[in-house]
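Remarks on the structure that follows.
Every number here is computed from the coordinates shown, using simple stated rules; none is lab data. As the structure is a computational prediction, the values presented were derived from the model and not from experiment. Cβ: placed from backbone, ideal geometry, glycine included. Neighbour counts: every protein chain shown.
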Amino acid sequence: MCETKYTAADYKAGQPRWCPGCGDHAFLNSFHKALAEIGIPPHQIAVISGIGCSSRAAGYMNYNTLHTTHGRAIAFATGVKLANPDLHVIVITGDGDATAIGGNHLIHACRRNIDLTVIVFNNNIYGMTGGQYSPTTPHGEKGTTAPYGNIDYNFDIPQLAQAAGATFTGRCTAYHAQQAIKLIEAGIRHHGFSLIEGLSVCPTYYGRKNKKGDSVKMLTWQKDNAVDVKAAAKMTPEQLEGKFLIGELSSVENKEEYTDMYMKIIEKVGGDK
Amino acid sequence: MVVRFSGDSGDGMQLAGNMFSNISATEGNDISTFPDYPADIRAPQGTLTGVSGFQVHVGSDKVYTPGDKCDVLVAMNPAALKTQYKFCKPQSVIIIDTDSFTKRDLEKAQFQLENPFSELGIKNEVVEAAITTMCKESLKDSGLDNKTIMRTKNMFALGLVCWLFHRDITIGEKLLREKFAKKPEIAEANVKVLHDGYHFGENTHASISTSYTVPTKKAMQLGRYMDINGNKAAAYGLIAAAEKSGLQLYLGSYPITPATDILHELAKHKSLGVKTVQCEDEIAGCASAVGAAFAGALAVTTTSGPGVCLKSEAMNLAVITELPLVIIDVQRGGPSTGLPTKSEQTDLLQALYGRNGESPMPVIAATSPTDCFDAAFMACKIAVEHMTPVILLSDAYIANGSAAWHLPNLNDYPAIVPPYVKPEMAGSWTPFQRNPQTGVRYWATPGMKGFMHRIGGLEKSNETGAISTEPENHNLMTRLRAEKVERIAASIPDLEVEGDADADLLIVGFGGTYGHLHSAMDAMNRHGKKAALAHFKFINPLPRNTEAVLRRYKKIVVAEQSMGQFAGYLRMKIEGLHLHQFNQVKGQPFVVKELVDAFERILASDM
C-alpha cells in the first residue's frame, strides 16, 4: 500500500492494563501485526471502540482512536467513514458492547455493507463491570447476575452478521495467533462490511465462575475444540460434535459498498466540485 | 388581515393556506402562519378531532403573529365550523361548503339541531357556496374520476379567498403548474377550479359586505424574497455555515415530528455536497454526527424533545472530547410522546442540564421562522470556533410557521474560522492544549500527518491527554470546560430592550414567543401602559448585560410556554431577582389579548 514499511512496534502505545492471562493481549498483538502486513500509515487509520475490556484497546494503540460510549462504536464509526471515506476505519468492540446494547447498530451496519472492519473481542462475559452474563455466555453457565445458570440462548455472532448482510465474516481465537493475523488482514482488506469474532478468554471472571481453569487451560480448550472451516468440510457430523469453526466463514464479492454508492450520487449531481 | 382555512384532514387546507401565504408574500406582504393540525395520519372523516386548520396573517408592515382571531374563516365541513368558530371576531366572514353540511355531516360533528349557526349562536356574515356541486359541474368533462375532482375543492375555496383579498391569481396558477408538473391534467383541473372560486366571488360580490385590501408598502427593502418556514430556514443556515467555514456538512438524523423537514430539506442538496444519513435510531444519528466531527466535518443532528433524551449520552461524549456539534431540538408538547404536532418551550432545562456530570453546553433559542437561518448559522459558528457541542432550540410553531424572508447576502455574514492545529505544532502538540485567549483546544483530524491522537469519554490529563483519574486534574478539567463556554459571552450580542425606555413593566421571554410578546408590549403601550420587552436568543451563556438590564425594572414578568423553566434559570443565575411568571402549556401559541390582560393585572397589583 505504500513505500514505508511498518512493524507492529510502530503501532504500539502505552502499557495494556488487562489482567494477566486475558486473551485480549494476544488479539492486540495480532491486530498490530496484521496492520503491519498491510502497511497502512498509522495516521490514515481510525480505530473506534466502545466500552468494556475490549474497548480499552483504543488506549494502547498508536493510531487516531476514538473511545466512545457503550454499544455505539459502530454508529460513531459510520460517521467517521462517511465524513472521510479515505480513512481505514476499524471498530474494536466486545460481546456485550456489540450484541447486547449495540445490537441495533451492528445489524444496520451489516445491512448497509459500509466499509468498516468490526472486531469483536468475545470473552463470553461482561468483564469490566465484574462478571455479568452476556448474549454469548453459554446456556447454563454462571455469571454474577445468573447465579443459578444462564437461561438465555446465545448469538452466533458471525451468523448474525451474515444474516444481516455482512459481506465478510470470520472467527479466530486468542490461541491461534497466526490465523488471527491472517483473518484480521483479510477483513481489513475486504471492501465492505467485515465482521471478525475474536474468541478471547477471561480467566478472572468467566473462567473462575465456571471452573474453566487458568488462562493456559482455557487457551488449551480453544486449541482442542477449534476446527478450521476448510478442514471441517471434510469431517463427519460425529467428528464435529462439540467443536466450533474458525477461519473465513463467509465472503460475498461484488456487493456495492455504502460510501461508494453515496459518493456516486453526490458525483452524479455535481456535489463533489 | 387574518384568514383561517379549516376542514377535514385530507381536505387540502394546508395546501390552500400555504398557497395563499405564498401568493401574499410574493405580492410583497409580510406574513405569519400557523398550521394547526392533529397528530393522527387520518382521523375518521368528518369528526371533530380530524379538523385541520391553517391560519395566516397578511400585512403591509411587519407582521409579528398569525393573529389571535381571524377576519375570514373557511369552514369546509360542520366539524370545522364547530371547532374553529372560536377564532372568529363578531364581524368575521365565514365561508362554508354547503354541500358538506348534510344531516349526516352535522351528526358526525355532534350537532343536535338542523341549523348549526343558530345552535352555535353565530350572527356573522356567512357566504354559502355549493363548492362540491360547482367543482363537479366544472370538471364534468375533464375525464377525471370523482375522487380526484373532490380533491380540487380546496382550490375553489382558495380562489374565493383570493378574490376577497384582490390577489393576483396568476401566481396561484404558476404554483399549481409547478406542483403538478408531472400531471398536467391535474394541474389544469385545479387551475380551472381556482378560477371558478375567484369568479364565484366576483359574481356574488353583492352579498359580501366587506372587502379587504392589504397593499404592499412601497418602501420595502429591495431584493429577492421567498416565504420560508423555520425548518427550511434552519437547513439553509446550516448550508450557509458550511460554505463560510469551508467544512463539509454532515447530518446524522432520524425522523421525528416536527423536525423531520430539516432532514428532508438537507437530503435534497447533494449537489452542494451535503451528506445526510437517516440512521437506524436517534442515538446513531447523534453518534454518527460526533464521529463525523472527529473526522473533520461540520456535524449536525436534528430532533425533538424525546430524541434529545435519547441522544444525551452521545452529546456528552462531544462535551468531554470537545468536538464541534450542532444539535437542533425542535420542541414539541411533552413529556414523553406528548403532543407531536403542537408547540411549547419545555426542553430548556433538559438542554441546559439533562446530562450526567458537569456538562456545560451553549444553548441558543431561535425567535422566529426567519431567525432560524441566523440562529443555525450562529450555532455552527460557536460550535466550530469554540470546539463544543451547541444546542439550538426551535419549536413546532416557528418550525412550521412561515414568514417573508429577504434572501441574505452571505458577504454580510461573519467568517467561521476552525481552530486547526498549525504544522509547527507537530511533535509537541497534545489534544487538550488550549489557545490561551479562548480556552479552546486545537482541532486535528484523522489523516493529518504528525497529528495522530487518542480521545474518548474518559477524563483526560490536561497536560498529556492520557486517561487520568488524578483528583486535581479532574477538578481543573471540569473548570476549564465550564470556562470555555463562559468565554463565549464575549462573542455574542448584548441583550436588547425594545419598547418604552422607562417602562414600569419588563416583559421577558425567549425563543419562538417573540412575535406574540412583541405584539403584547405594543398593545400595552398603545393603551398607555408603559411596557418594554427583553427577548432572549442566547441562553447559555447569557448576554453580558443581562443582570444590568433586569435590575433596572421594578416589575418583571417572564412569559413562557412552560411551567417556569426560564424564570427558574434566571433566578439561579442572578441572585435576588423578583420575577412574576406567565406560564402556559396548552400546545397553542399565546393569545395576545390574554397576555395583555395578565400583564396589566401585574402592573396594577402591589407585588
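How would region B:255-390 be classified by its alpha-carbon gyration tensor: rounded, prolate or oblate, with rounded meaning a/c under 1.5 and the a/b versus b/c comparison settling the rest? The shape class here is rounded.
For region A:68-214, DSSP calls about 10 percent of its internal beta bridges antiparallel.
For region B:435-444, backbone phi angles converted through the Karplus equation (6.51, -1.76, 1.60; θ = phi - 60°) give residue-by-residue couplings of 5, x, 6, 9, x, 9, 7, 8, 9, 10 Hz, Gly and Pro being listed as x. Looking at region A:106-198, which GluC sites (Glu not before Pro) are in a loop (DSSP not H, G, I, E or B) and have at most 10 other Cβ atoms within 10 Å? Those that pass, being in a loop and sparsely packed, number zero.
For A:Lys255, list the lysines whose Cα falls under 16 Å from its own Cα; do not include residues on the same chain fewer than 8 positions away. Within reach: A:Lys264.
Taking every alpha-carbon pair in region B:440-548 and binning the separations at 10 Å intervals from zero gives 12, 27, 20, 16, 14, 9, 1 percent.
What does the charge count around A:Ile266 come to, taking other residues whose C-beta lies under 12 Å from its C-beta (Lys +1, Arg +1, Asp -1, Glu -1)? Its environment carries a net charge of +2. About its Cα centre, region B:4-57 has a charge dipole of approximately 80 debye under the convention of +1 per Lys or Arg Cβ and -1 per Asp or Glu Cβ, with nothing else charged. On the beta carbon distance between B:Thr148 and B:Asn124, with R0 = 41 Å, the FRET formula returns roughly 0.80. Each peptide in B:554-567, B:395-408 gets a packing score, the mean of other Cβ atoms within 10 Å over its residues, and the list from highest to lowest is B:395-408, B:554-567. Remark: relative contact order (chain B) = 11 percent; criterion is Cα-Cα distance under 8 angstrom and separation of 6 or more residues.
Between the beta carbons of B:Lys136 and B:Gln588, assuming R0 = 30 Å, the FRET efficiency works out to 0.25 to the nearest 0.05. Charges were assigned to the Cβ only: +1 to each Lys and Arg, -1 to each Asp and Glu. The resulting dipole of region A:169-273 about its Cα centre is roughly 480 debye.
Derived value for region B:17-98: Kirkwood hydrodynamic radius 13.7 Å. Basis is the mean of 1/r over every pair of different alpha-carbon atoms.
Spin-label model, B:Glu470/A:Thr129: points 7 Å from Cα along the beta carbon direction are separated by 3.1 nm.
Restricting the calculation to Cα atoms, chain B shows an Rg/Rh of 1.01 when the hydrodynamic-style radius is the Kirkwood one. With the charge dipole of region B:462-545 set up from +1 on Lys and Arg Cβ and -1 on Asp and Glu Cβ about the Cα centre, the Cα lying farthest toward the positive end among the listed residues B:Gly499, B:Asn525, B:Leu476 is that of B:Asn525.
Spatially close Lys pairs in region B:452-566, defined by Cα atoms under 16 Å apart and a spacing of eight or more places or different chains, total 4. Shielding of peptide A:265-273 by partners, expressed as the average count of other chain Cβ atoms within 10 Å per residue Cβ, is 4. The share of Cα pairs per 10 Å bin across region B:342-467, counted from zero up to the longest distance, runs 11, 31, 29, 20, 9, 0 percent.
Taking a Cβ cut-off of under 15 Å around B:Glu188, the surrounding Lys, Arg, Asp and Glu residues balance to a net charge of +3, with basic ones at +1 and acidic ones at -1.
Helices in chain B, meaning DSSP H runs of at least 4 residues, each add -39500 (n - 2.57). Divided by all residues, the mean residue ellipticity at 222 nm is -11000 deg cm²/dmol.
In chain A, helical runs assigned H by DSSP with n ≥ 4 each contribute -39500 (n - 2.57); averaged across all residues and rounded to the nearest 500, the mean residue ellipticity at 222 nm is -9500 deg cm²/dmol. Remark: region A:109-190 projects, on average over all directions, an area of 6.2 nm² (convex hull of Cα atoms).
Sparsely packed loop sites in region A:81-172 (the chymotrypsin sites (Phe, Trp or Tyr not before Pro) outside DSSP H, G, I, E and B with at most 13 other Cβ atoms within 10 Å) comprise A:Tyr148, A:Tyr153. Across peptide B:247-259, the average count of Cβ atoms from other chains found within 10 Å of a residue's Cβ is 1. For the protein assembly as shown, the dipole from Cβ point charges (+1 on Lys and Arg, -1 on Asp and Glu) about the Cα centre works out to 1220 debye, to the nearest 20. Taken over region A:60-131, the alpha-carbon convex hull comes to 90 cubic angstrom per residue.
Working note: Karplus 6.51/-1.76/1.60 with θ = phi - 60° gives region B:330-344 the couplings 8, 5, 9, x, x, x, 6, 5, x, 10, x, 9, 10, 9, 7 Hz, where Gly and Pro are set to x. In summary, the convex hull built on the alpha carbon positions of region A:21-143 has an orientation-averaged projected area of 7.7 nm². Summarising the strand pairing of the protein assembly as shown, around 30 percent of its internal DSSP beta bridges are antiparallel.
Packing, as the average of other Cβ atoms within 10 Å across residues, places the peptides B:315-321, B:265-271 in the order B:315-321, B:265-271, highest first.
Region A:98-122 and region A:149-219 have Cα centres lying 14 Å from one another. The simple spin-label model puts a point 7 Å past each Cα toward its Cβ; for A:Val227 and B:Glu178 those points are separated by 6.8 nm. With θ taken as phi - 60° and the Karplus curve 6.51 cos²θ - 1.76 cosθ + 1.60 applied, the whole-hertz 3J(HN,Hα) list for region A:42-54 is x, 6, 9, 10, 10, 9, 10, 10, x, 10, x, 4, 3 Hz, x standing for glycine and proline. Derived from the Cα gyration tensor, the three semi-axes of the equivalent ellipsoid of the protein assembly as shown are 58, 33, 25 Å, largest first. Computed log10 I(q)/I(0) for region A:141-273 at 0.10, 0.12, 0.20 Å⁻¹: -0.47, -0.63, -1.24, from the Debye equation with unit scatterers placed on every C-alpha and solvent omitted. Taking every residue in A:58-64 and counting other chain Cβ atoms within 10 Å of its Cβ, the average works out to 4.
Over what distance in Å are the Cα centres of region A:226-268 and region B:520-559 separated? With region A:226-268 and region B:520-559 each reduced to a Cα centre, they are spaced 66 Å. With Cα atoms defining each centre, region B:26-77 and region B:485-503 are spaced 34 Å apart in the structure.
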